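What follows is a short report on a single structure.
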């Protein structure tokens, strides 16, 4: 269980530049990120130690976001310290913009307080959209190829054709109950009902 730690404060930094640092495992050190954020002028840095980027709730990040006010600059060392996914990252920065908060990522050179930094973020959004479009295109191409070979996309059937035959025999010839058949094939009762209600295959 992670614990919330007090933020690190740098007296020489700008209180309006709010930093955030994170490492995924307890044996990793936050020192390099803290040094970089101090050098970038952060007056306060919130941290998460031993918290994966895929974790929905991150106490340090939640505290940092609650601290932000319009005019603040939220700063991270790398983009992956903030966002679980590109989609999540973009949504977060867009929310910053709506709240009047600026964003900076030191490694990627993104700083929405500058025209160049805003352009970098726009490029990031465009790349993310292109990735989504490519994934969708590959998915459609894969489904088209599968259909061309006589296969349909979707979830694998719970029962093989041979098992479907056995289900029908158990029900119609052996008078087995739906529960008995479902237990035999380790599937739900509703699956057995669907199999029995489906048209029986015809042999050409």
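The values are calculated or read from the model by the stated rules, or taken from the named source; none is laboratory data. These numbers come from a predicted model, not from an experiment. Cβ: placed from backbone, ideal geometry, glycine included. Neighbour counts: every protein chain shown.
Filter region 167-204 down to the residues that are in contact with a helix residue (DSSP H, G or I) (Cβ under 8 Å, 6 or more places away or on another chain), part of a helix (DSSP H, G or I) and without any contact (Cβ under 8 Å) to a residue 24 or more places away in the chain and list them by number. Matches in region 167-204: 170, 178, 179, 180, 181, 182, 184, 189, 193. Among the residues of region 140-155, those that are at pLDDT 70 or above and surrounded by fewer than 12 Cβ atoms within 10 Å (Cβ to Cβ) comprise 140, 141, 142, 144, 145, 147, 148, 149.
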